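Asks: Got a structure for you, written out below as structure tokens; questions coming shortly.
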Amino acid sequence: MNKVRITLDDYRNLEEACSNIALKLDLENDGINDIPSLQEQLMKISEDIVIELRQINTIPDELLRLQRVFEDLQQNNDHVYLIRGIG
Amino acid sequence: MPSPMHGRGSSVQKPKDFKGSLKKIVRILAPYKFSFILGLITAVISVVISVVGPKIMGNIITEIANGFMAKVQGTGGIDFDKIFEIVSLLCAVYALSAAFEYVQGFLMSGVSNKIGYSLRKEMNQKIDRLPLSYFDTHAHGDILSRFTNDVDTLVQSLNQTLSSLLSNFVRVIGFLVMMLSISWKMTLLALVIVPMSIVVVMFVVKRSQSYFKQQQKSLGVVNGHIEEMYSAHIIVKAFNGEKQSMQAFEQYNHALYQSAWKSQFLSGLMMPLTQFIGNLGYVGVCILGGYLAMRQEIALGDIQSFITYTRNFTQPINQISQSINTLQSTAAAAERVFEFLDQEEQIPDSTTPVCANATKGQVSFENVVFGYEPEKTIIHNFSMYVKPGQTVAIVGPTGAGKTTIVKLLMRFYELNSGAIYIDGVNIKDMKRSDLRSKVGMVLQDAWLFEGTIMENLRFGKQKASDQQVIEACKLAHVDHFIHTLEHGYQTMLGNDTSNISQGQKQLLTIARAFLADPSILILDEATSSVDTRTEILIEKGMDELMKGRTSFVIAHRLSTIKNADAILVMDHGDIVEVGNHDQLMKKQGFYYNLYNAQFEGDEGIE
């Protein structure tokens, strides 16, 4: 099973984060630069994947919204196994 | 008079750290210091007042003797008014002493029992915070003994020993002062007997201690044997083990008898020996007192007073030595109680727990490393991802550690490293109560308590209506059975629930799980201890229950194993293979052999 690590601290803003996450997850990344478009593509994941979401330090408020995106994804897409990285 | 043993064996143990234990006792006394100190003060006052009694009594004798002499010489007679005055004073002194003693008893028993109450409460709360590993390494009897015997010893001791110690100390000083006030010569003679008494007491205590220890040890063995034989008496009978059990009991009981009579005989010697020495001193004092009275150095009544003081002088000394002995066992009991209370607790729930309301039932094991002992890991870097509604069968020979995964999922034990996630939330970030409310358990060793069937079923969901309970029972195929009982859902289950069979108990726990409606299930399939008809009902009930829920099944049925989405194969506590039935059969490893050994014959039946 594929495992992808996403470290929220690596991003400066939401646009950069969405685009990089799309790249990491091999999503159709044309124009993914905001949350709705990212959410739409994430829901299309059809192969089992483990996504490790990490946050090491304090991050900008706008990036915190991504946590909610992945929580929703985990609830709504059975192919996604969300785990939280520590430190 | 308190015996050195207090009639309880656990009290003979010596504390490892006497001073440390006493400090802790002082700490628990702190909230009641006012009452406790007042109790000690009243004890001291009571003793101080009563110490004067013999001297006043001597004055009566002196007055009678003087009056008698005056009458003989024809110069007067006995002054009854004065005697009445002295008697009144004596009554007042003893009444006052008794009143203070009453206040002391009231205060000290209140304080000691409040401490007992709070210690038991604290220990009861502690038991919920202890990790399960503590119970793996400590015998239940030992824990129970700390709850009952040790707390009781502590309470009794606080109630009696400390005040007795102080009272007797004051009594010794008081007697000494009164004796010196009568005659220093007689006092000197009387004091010669004290070191002799002390030497005898030390000699006896030293020899009896080792037997007391042996008695304690033997008592523990006898108790353990009785408890074991009583709780498993059906098994003992079934395997014709009565003779063997009786022989073992005879042996343990004999060892207890030997140590008990020796220890009690030796400790029983203490009193007659010290009394004998005391009587020698008493004789000496009588002779010297008579001589001094003849020389008119002391009054006649003073001899009587002094003899009373002498006779009673060794008594508080004996009691002090006994109190010190009891204090040792109190400190040992306190040490055991505090050792329990100071045990390292399970990691507390997260202060910011994640609380997901709806649970899908997705379970992820991520790089899980675990061992019951830190240096001996049995699960090495195990990862597994379970989709909502999937079934994971856990198989392996008896004693392979199939319940380990279950215990980890319920967070009964902490992982060495790695994490378990339920719907993406690390179970360490959840409150234990939330986690356990998401997971339902149906075990073979079904747990039911004393109460009605309805109450037992509602344990799964307190607010469930009667109709919901009945619906759950129908789904679990146990409704019919309950209706065959005279009182139906109001049937009382006994303390040991022996009035229903093992299989019926399991059906009830299936119904309880239906009622709780958890998204994740832990099931332990029935084995041969259940009759065939009930087994079929249990299987049906479990199959119904598993529908749409993520299930971890300690599997014994071939159909469960074959239909499972994943099989965890365990051996010697370790996960040796993971996969589905086909994958594992192709691998021709441990599962392949296990399957062939256990299920090959069942294939046709299936």
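Asks: When a/c reaches 1.5 or more, the comparison of a/b and b/c decides; with that in mind, is segment A:2-85 rounded, prolate or oblate per its Cα gyration tensor?
Replies: Oblate, because a/c is 1.5 or more while a/b does not exceed b/c.
Asks: Once amide H atoms are placed 1.01 Å from N in the peptide plane, what residues at a sequence separation of 5 or more from B:Leu568, or on another chain, have their amide H within under 5 Å of its amide H?
Replies: Amide H neighbours of B:Leu568, under 5 Å, 5+ apart: B:Ala393, B:Ile394, B:Val395.
Asks: What whole-number value in Å² describes the accessible area per residue of the protein assembly as shown for a 1.4 Å probe?
Replies: 51 Å²
Asks: B:Asp466: net charge of surrounding residues, Cβ under 15 Å, Lys/Arg +1, Asp/Glu -1, itself excluded?
Replies: +2
Asks: When a/c reaches 1.5 or more, the comparison of a/b and b/c decides; with that in mind, is segment B:234-377 rounded, prolate or oblate per its Cα gyration tensor?
Replies: Note, shape of segment B:234-377 comes out oblate.
Asks: Something else about it: As a test of the formula, what do you get for chain B when each DSSP H run with n ≥ 4 contributes -39,500 (n - 2.57) and the sum is divided by the residue count, at 222 nm and rounded to the nearest 500 deg cm²/dmol?
Replies: -21000 deg cm²/dmol
Asks: Once you charge only the Cβ atoms, +1 for Lys and Arg and -1 for Asp and Glu, what is the size of the charge dipole of segment B:363-599 about its Cα centre, to the nearest 20 debye?
Replies: That gives segment B:363-599 a dipole magnitude of about 420 debye.
Asks: Which net charge results for the neighbourhood of B:Asn426, defined as the other residues with beta-carbon distances under 10 angstrom from its beta-carbon, given Lys and Arg at +1 and Asp and Glu at -1?
Replies: Net charge around B:Asn426: 0.
Asks: What percent antiparallel are the DSSP beta bridges of chain B, to the nearest 5?
Replies: Percent antiparallel among DSSP bridges in chain B is about 55.
Asks: Would you look at the GNM of chain A, springs on alpha carbons closer than 10 Å, and say which of A:Asn57, A:Asn77, A:Asn33 moves the most?
Replies: Result for chain A, Cα springs under 10 Å: A:Asn57 fluctuates most.
Asks: Another question about this same structure. Report the Rg/Rh value for segment B:363-599, based on alpha-carbon coordinates and the Kirkwood definition of Rh.
Replies: 0.98
Asks: What's the extension gain from B:Leu280 to B:Asp517 if we count 0.36 nm per residue and subtract their Cα-Cα distance?
Replies: The span from B:Leu280 to B:Asp517 would gain 77.1 nm if fully extended.
Asks: Just read off the accessible area of B:Met270 with the full protein assembly in place, 1.4 Å probe, to the nearest 10 Å².
Replies: That residue has around 20 Å² of solvent-accessible surface.
Asks: How large is the accessible surface of B:Phe449 in square angstrom, using a 1.4 angstrom probe and rounding to the nearest 10?
Replies: We get 50 Å² for B:Phe449.
Asks: Bin all alpha-carbon pair distances of chain B at 10 Å intervals from 0 and give each bin's fraction as a whole percent.
Replies: Percent of Cα pairs in each bin: 3, 12, 16, 17, 14, 11, 9, 7, 5, 3, 1, 0, 0.
Asks: Next question, about the same structure. Roughly how many percent of the accessible protein surface of segment B:8-341 is carbon and sulfur, given a 1.4 Å probe and a whole-percent answer?
Replies: 66 percent
Asks: I would also like to ask the following. Kindly write out, for segment B:510-515 in residue order, the coupling ³J(HN,Hα) from the Karplus curve 6.51 cos²θ - 1.76 cosθ + 1.60 (θ = phi - 60°), rounded to whole Hz, with x marking Gly and Pro.
Replies: My calculation for segment B:510-515 gives 5, 4, 4, 5, 4, 5 Hz in order.
Asks: Would you kindly derive the ³J(HN,Hα) couplings of segment B:409-414 from the backbone phi angles with the Karplus curve 6.51 cos²θ - 1.76 cosθ + 1.60 (θ = phi - 60°), listing them in order in whole Hz, with x for Gly and Pro?
Replies: Karplus-based 3J(HN,Hα) across segment B:409-414 equals 5, 7, 6, 6, 10, 8 Hz.
Asks: Using a 1.4 Å probe on protein heavy atoms only, how many Å² of accessible area do B and A hide from each other, summed over both chains and rounded to 100?
Replies: Buried area (both sides, nearest 100 Å²): 1200 Å².
Asks: I'd like the Karplus ³J(HN,Hα) series for segment B:462-476: coefficients 6.51, -1.76, 1.60, θ = phi - 60°, whole numbers in Hz, and an x wherever there's a Gly or Pro.
Replies: These are the phi-based 3J(HN,Hα) values: 4, 8, 5, 7, 4, 5, 5, 5, 5, 4, 4, 5, 5, 5, 8 Hz.
Asks: Next question, about the same structure. Give the cross-link partners of A:Lys24 among the lysines, using a straight C-alpha distance below 19 Å as the criterion and excluding same-chain residues fewer than 8 apart.
Replies: Output for A:Lys24: A:Lys3, A:Lys44.
Asks: Then there's this: Using a 1.4 Å probe over the heavy atoms of the protein chains, calculate the carbon and sulfur portion of the accessible area of segment A:2-85 as a whole percent.
Replies: 38 percent
Asks: How far apart, in nm, are two points set 7 Å out from the Cα along the Cα-to-Cβ line at A:Val4 and at B:Ile37?
Replies: So the label points at A:Val4 and B:Ile37 sit 7.1 nm apart.
Asks: Just the accessible area for B:Lys505, please: 1.4 Å probe, Å², rounded to the nearest 10?
Replies: 30 Å²
Asks: Sticking with this one: What trypsin sites (Lys or Arg not before Pro) in segment B:257-348 are in a loop by DSSP, with at most 15 other Cβ atoms within 10 Å of the Cβ?
Replies: B:Arg295
Asks: Please list B:Lys360, B:Lys243, B:Lys463, B:Lys474 in order of solvent-accessible area, largest first, computed with a 1.4 Å probe with all protein chains present.
Replies: B:Lys463, B:Lys243, B:Lys474, B:Lys360
Asks: Under the rule of at least 5 residues apart or a separate chain, name every residue whose amide H is placed under 5 Å from the amide H of A:Thr7.
Replies: Distant-sequence amide H within range of A:Thr7: A:Arg54.
Asks: In terms of the Cα gyration tensor, with a ≥ b ≥ c the square roots of its eigenvalues, is segment B:6-150 rounded because a/c is under 1.5, prolate because a/b exceeds b/c, or oblate?
Replies: Prolate shape, in that a/c is at least 1.5 and a/b is the bigger ratio.
Asks: Right, something else. Step through the table entries B:Lys407/B:Lys463; B:Lys402/B:Lys547; B:Lys360/B:Lys387; B:Lys474/B:Lys540; B:Lys438/B:Lys540; B:Lys360/B:Lys547, compare each Cα-Cα distance with 19 Å, and write down the pairs that go over it.
Replies: B:Lys407/B:Lys463; B:Lys402/B:Lys547; B:Lys438/B:Lys540
Asks: Using modelled amide H (1.01 Å from N, peptide plane; none on Pro or chain starts), what sits under 5 Å from the amide H of A:Ile83, excluding residues fewer than 5 places away?
Replies: When sequence neighbours closer than 5 places are left aside, the close amide H contacts are A:Ile51, A:Glu52, A:Leu53.
Asks: Cα to Cα, under 21 Å, and not fewer than 8 places away if on the same chain: which lysines meet these conditions relative to B:Lys114?
Replies: B:Lys23, B:Lys24, B:Lys33, B:Lys126
Asks: Write down the Å³ per residue value for the convex hull defined by the alpha carbon atoms of the protein assembly as shown.
Replies: In the protein assembly as shown, the Cα convex hull volume per residue is 245 Å³.
Asks: For a Förster distance of 30 Å, can you work out the FRET efficiency between the beta-carbons of B:Thr452 and B:Asp543, rounded to the nearest 0.05?
Replies: Result of the calculation: an efficiency of 0.60.
Asks: Using just the helices of chain A, give the 222 nm mean residue ellipticity in deg cm²/dmol: DSSP H runs with n ≥ 4 each add -39,500 (n - 2.57), and the total is spread over all residues, rounded to 500.
Replies: Computed ellipticity for chain A at 222 nm equals -12500 deg cm²/dmol.
Asks: Separate question: Only protein chains counted, 1.4 angstrom probe. Which residues of segment B:361-379 are at least 40 Å² less accessible in the assembly than when their chain is isolated?
Replies: B:Gln362, B:Glu366
Asks: Separate question: How big is the antiparallel share of DSSP beta bridges in the protein assembly as shown, given as a percent to the nearest 5?
Replies: So the antiparallel bridges amount to about 40 percent of the total.
Asks: Note every residue of segment A:59-79 with a reduction of at least 50 square angstrom in accessible area, all protein chains present versus the isolated chain, computed with a 1.4 Å probe, or write none.
Replies: A:Gln74, A:Gln75, A:Asp78
Asks: Can you put B:Arg146, B:Arg129, A:Arg54 in order of accessible area, largest first, using a 1.4 Å probe?
Replies: From most exposed to least exposed: B:Arg129, A:Arg54, B:Arg146.
Asks: Please give the net charge around B:Gln296, taking every other residue with its beta carbon less than 15 angstrom from that of B:Gln296, where Lys and Arg add +1 and Asp and Glu add -1.
Replies: Taking every other residue near B:Gln296 into account, the sum is 0.
Asks: Could you work out how far the C-alpha centroid of segment B:453-485 sits from that of segment B:296-351, in angstrom?
Replies: Comparing the Cα centres of segment B:453-485 and segment B:296-351, I get a distance of 57 Å.
Asks: Kirkwood Rh, segment B:155-285, all Cα pairs: how many Å?
Replies: Kirkwood radius, segment B:155-285: 18.8 Å.
Asks: OK, next. Using a 7 Å offset from Cα along Cα-Cβ at B:Ile235, what residues in segment B:125-147 end up with backbone N under 15 Å from the label point?
Replies: B:140
The values are calculated or read from the model by the stated rules, or taken from the named source; none is laboratory data. Remember, predicted model here, so these are calculated numbers, not experimental data. Neighbour counts run over all protein chains shown; Cβ positions are idealised from the backbone, glycine included. When the accessible area is computed, the model is the full protein with side chains, heavy atoms only, and any ligands, DNA or RNA have been set aside. Shrake-Rupley method; radii C 1.70, N 1.55, O 1.52, S 1.80 Å.
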